[in-house]
Amino acid sequence: MTARKLTIYTYDWLPEFPRGFVRDLRARWAAEETGRSYDIATVPVNPKSDAHRAMQPFAQVPMIEDGDVTLFETGAIALHLAEGTPLLPPEKRTEITQWVIAALNSVEPSVSNWMNTQMSKDLPQIFGPPASAELEAHMLKFMNSRLAALEMLMADREWIAGDFSAADIIMVDVLRVLQDSGALNNFPALTDYVERATARPAFAKAMQDHMAHWTAADAAKAN
Ligand SMILES: N[C@@H](CCC(=O)N[C@@H](CS)C(=O)NCC(=O)O)C(=O)O
């Protein structure tokens, strides 16, 4: 039997600030955890192409091709790559799916909105005019309410739905963007959860290759 060919799509180049956090990392991490080798293909970040929109209607990344399956949305990608592996045991499928959706729908918007208020201070040309103190406080309060709920839950769990699963890849990647800002400091269980997950060899390999991609992209741009 020939193994299906897996291709992960990301941008051809990006500036420094999002590197390490571009969501192709989630697809790479899932591939590494499940022992899938993959190729990287790129789409232009500027201008976005029609070919890109044909694969991802919002012209975002990542997308994957896995044999004859083409997919976008990191939750769908993680669940797809986890299929038939210990990252998605059949008896845990519904619970893991629930947590993937919770990470993307109940937690990530609160994190992204607060992060945008922070990024708007340093990069207003990209993130819009600096957020007012009121907006920033509102977004922080909303995010902290979500983090507090998750903190209670993770206080007595190693992973979110039994053993390490596709849901942990997505939830941890949503949370880890907060590490450097100190926003997780009041949430020791979440801090430990993120540290535990990102200490996994598969995460380290995914991150190393993700960063190497941007270094190579710089070199290609310079030529
Ligand atoms: N919900 C999407 C979000 C994808 C997303 O936000 N991708 C970012 C890169 S990490 C992007 O392409 N941003 C550029 C844009 O939105 O134009 C997913 O999880 O796949």
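Miscellaneous remarks
- Exposed loop sites here are chymotrypsin sites (Phe, Trp or Tyr not before Pro) assigned a DSSP state other than H, G, I, E or B and surrounded by at most 16 other beta carbons within 10 Å; excluding them, the longest clear run of the chain is 59-223.
- Taking a quarter of the surface of the Cα convex hull of the stretch 90-200 gives a mean projected area of 7.2 nm².
- Taking Cα centre as origin and charging only the Cβ of basic (Lys, Arg, +1) and acidic (Asp, Glu, -1) residues, the dipole magnitude of the chain rounds to 220 debye.
- Under the simplified labelling scheme, the LEU123-THR70 pair shows an inter-label distance of 2.8 nm, with each label point 7 Å from Cα along Cα→Cβ.
- Of the GluC sites (Glu not before Pro) found in the stretch 1-43, those in coil by DSSP whose Cβ has at most 14 other Cβ atoms within 10 Å are GLU16.
- Maximal additional length on extending the ALA41-ALA199 stretch stands at 54.2 nm, based on 0.36 nm per residue less the C-alpha distance.
- Qualifying lysines (Cα of each under 26 Å from Cα of LYS221; at least 8 residues distant if same chain): LYS48, LYS205
- Global form of the chain, assessed from the alpha-carbon gyration tensor, a/c cut-off 1.5: oblate
- The loop-placed GluC sites (Glu not before Pro) in the stretch 135-187, going by DSSP, that have at most 14 neighbouring Cβ atoms within 10 Å of their Cβ come out as GLU158.
- Relative contact order (percent, whole number), the chain, Cα cutoff 8 Å, 6+ residue spacing: 25
Each reported figure results from applying straightforward, stated rules to the coordinates on display, with no laboratory input. Quantities reported herein were computed from a predicted structural model and do not represent experimental measurements. Note that we place each Cβ from the backbone using ideal geometry, even for glycine, and neighbour counts take in every protein chain shown.
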